[in-house]
Amino acid sequence: MKHSLRSKLSVSYAVIALLLVAVISIFINVFLQNQFKDYVINQQRQKNQQILSLVEKQYNISEGNFNTSAIENVGMNALEQGIILKVKDEKGSMVWDATAHNNGLCVQMLTNMAKNMISHDPNFKGKYEQTSYPVKVNSNEVGHAEIGYYGPYYYTDNDIDFLNNLNTILVAVGVISLFMALLVGAFMAKRISRPISKAVTAAARISKGDFQQRITEKSGTREIVQLTDTINNLADSLEKQKNLRKQMTADVAHELRTPLANLQSSMEAMIDGIWEPSGERLESCHEEIIRINRLVGDLEKLERFEADNTALYISEFDVSELVRHILSNFENEFHKKGVELKFSGKTEIIEADRDKISQVIINLVSNALKYTLEGGHVEVQVKETGTQVEMIVSDSGQGIPAEDIPYIFERFYRADKSRNRLTGGSGLGLTITRAIVESHKGKISVSSEHGKGTTFRVSLPKSK
Ligand code: ADP
């Protein structure tokens, strides 16, 4: 059986609170009992000292003996405090002895003390203890006082009441703290589990295709903020993907419709015998098929670069060397069209996917050639700018109208629609180019003047 996070947290808090309260209560109890015991032992010592000094005062120096009746007073007082006093003179003869005075009272008193202590602590090991002190007057020893009591310490009825009250207070404080801890625990469990259950609900909705779902719940816990941000980002990218897919399908259908309709009507005219299937007409149908094929090829490439942009096969290479190699393959085409091709640049090492960067150069150079008339020129430069390496492809061609510049990187966008269908461009070249550059954390920009020429700048991070 699976339990909710909230109930698990509540139970954990309850157990922790219970343990904490128990440990703290036991600790305080033991600490206070020990303190109190030390206090009582100390009190006993002070009482003994007081009795001793009272005994010393009862010595009559001129007569050289103790004032027996005064000693009896001291002894009776001591007895009331649970102390059994015996005083002897310097010759060792007994001056006053509490047990001789009232043995019954002494025995009863000690028995009561033992009972009290056993009722407080059944394991208490106490016994009668006696300490002998020399009685000194003006630094001369004039006798001995034996002070006996129930030791190592004993509690009076008042002391036991005090300890019992202390325990009751401790138990009450423990119960109240436990109750408070449980309340706080339940509140905290709710606070932590609420955003998580909201995130779970939102994630479940997203998984069912409701990509507009977002978690708006705020939280002060970093991990929960990370979780909700991740789910929101996931929903963002799923929504974008969904729109992109829709848009893509619409665009592809739109792009294929015209050439397919042309093909269909031409073929039908030939089948129905309206048109002669002349070599020229078949040639035109063939060209249409080639264009469709090229479009499908470009779509495949775009899909690979856009969707698979994490799968880069990175290596270190010299961009200038790569550009020079590609340009040498273009030389013939440039020569045939009568367009001059120039290159400048020295060794610049980057870490990138060599095949994909080749595709970028081929797309930009072939566009430059395509849109430049005979007698014009195309120049490719490779140069370093700080942490970046720039590849600049500029031509003296027809240029791009200012109103088209913002859209040329969009799928299927052609600045001159009618002409471009004839030149065979699918309108995907720059979209693929930008996807590759961005997957390398690079940037591509364009500046163009209609009728004068165009410059594309690609900047890529330099190898470290
Ligand atoms: P296409 O396959 O049509 O060339 P691209 O995505 O490569 O598609 O380019 C999109 C459009 O941008 C082109 O149709 C063209 O109008 C314009 N364009 C791209 N490069 C140049 C250039 N060097 N000179 C003028 N126009 C260009």
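Bear in mind that the values in this text are calculations on the coordinates, not laboratory data. Quick caveat, the model's predicted, so the values are computed rather than measured. Neighbour counts run over all protein chains shown; Cβ positions are idealised from the backbone, glycine included.
Quick check: the distance between the Cα centres of region 329-358 and region 143-199, to the nearest angstrom?
About 85 Å separates the Cα centre of region 329-358 from the one of region 143-199.
Could you tell me how far the Cα centroid of region 368-403 sits from the Cα centroid of region 1-72, in Å?
Centre-to-centre distance over Cα atoms comes out at 94 Å.
Could you work out the percent of alpha carbon pairs in the chain separated by over 31 Å, rounded to a whole number?
The proportion of pairs with Cα distances above 31 Å equals 70 percent.
How tilted is helix 5-57 with respect to the longest principal axis of the chain? Cα atoms for both, answer in degrees (0 to 90, nearest 10).
Once rounded, one gets 30 degrees.
Which of the residue pairs K198/K441; K91/K115; K240/K462; K91/K125; K342/K443 have a Cα-Cα distance greater than 29 Å in the structure shown? Let's see the in-between values first.
Details: K198/K441 35 Å; K91/K115 38 Å; K240/K462 31 Å; K91/K125 36 Å; K342/K443 23 Å.
Result: K198/K441; K91/K115; K240/K462; K91/K125 exceed 29 Å.
Where does each of L19, L312 land when they are ranked from fewest to most other beta-carbon atoms within 10 angstrom?
In increasing order of surrounding Cβ atoms, one gets L19, L312.
By counting other Cβ atoms within 10 Å of each Cβ, how are S366, S219, S12, S139 ranked from fewest to most?
S139, S12, S366, S219
About the Cα centre, and with charges only on the beta carbon of Lys, Arg (+1) and Asp, Glu (-1), how big is the dipole of the chain? Nearest 20 debye, please. If you can, show how the numbers build up before the last one.
On the way: 54 positive and 56 negative charges, 160 e Å.
Computed about the Cα centre, the dipole is about 780 debye.
Compute from the Cα atoms of region 63-136 the Rg and the Dmax, the latter being the longest Cα-Cα distance, and quote both in angstrom.
Calculated on Cα positions, Rg and Dmax stand at 14.7, 51 Å.
Relative to the Cα centre, what is the charge dipole magnitude of region 209-306, using +1 at the beta carbon of each Lys and Arg, -1 at the beta carbon of each Asp and Glu, and rounding to the nearest 20 debye?
Using Cβ point charges on Lys, Arg, Asp and Glu, region 209-306 gives about 560 debye.
Taking only Cα atoms, what is the 0 to 90° angle, nearest 10, from helix 354-370's long axis to the longest principal axis of the chain?
Once rounded, one gets 40 degrees.
Among 166-175, 79-88, what's the highest-first ranking by average C-beta atoms within 10 angstrom per residue?
The densest-packed peptide leads the list: 79-88, 166-175.
If contacts are Cα pairs under 8 angstrom and at least 6 residues apart, what is the relative contact order of the chain in percent?
Relative contact order, the chain: 10 percent.
Tell me, M188, M113 in order of fewest to most beta-carbon neighbours within 10 Å?
By the 10 Å Cβ count, ascending, the order reads M188, M113.
Once the principal axes of the Cα atoms of region 209-306 are found, what is the range along each, listed largest first in whole angstroms?
On the principal axes, region 209-306 reaches 78, 23, 12 Å in Cα extent.
Which of Q264, H286, G209 sits closest to the plus end of the dipole of region 209-306, meaning its Cα is farthest towards the positive end, when Lys and Arg get +1 and Asp and Glu get -1 on the C-beta?
Looking along the dipole axis, the top candidate is G209.
Mind checking the angle between helix 279-307 and the chain's longest principal axis? C-alpha axes, 0 to 90 degrees, to the nearest 10.
10 degrees
What list of ³J(HN,Hα) values in whole Hz, one per residue of region 439-456 in order, does the Karplus curve 6.51 cos²θ - 1.76 cosθ + 1.60 (θ = phi - 60°) give from phi, with Gly and Pro shown as x?
3J(HN,Hα) across region 439-456, in whole Hz: 5, 9, 6, x, 9, 10, 9, 9, 9, 8, 10, 4, x, 10, x, 9, 10, 9.
³J(HN,Hα) across region 136-153 via Karplus (A = 6.51, B = -1.76, C = 1.60, θ = phi - 60°), whole Hz, x for Gly/Pro?
Karplus values, whole Hz, x for Gly and Pro: 10, 10, 6, 6, 9, 6, 10, x, 10, 10, 9, 10, x, 7, 7, x, x, 7.
Under 15 Å Cα to Cα from K37, which aspartates and glutamates show up? Leave out anything in the same chain fewer than 8 places away.
Of all the aspartates and glutamates, those that pass the test against K37 - Cα under 15 Å, at least 8 places apart if same chain - are D121, D157, D159, D161.
Starting from the 7 Å offset along Cα-to-Cβ, what nm value, one decimal, do you get for the label separation of N42 and E141?
Placing both labels 7 Å beyond Cα along the Cβ direction yields 3.1 nm.
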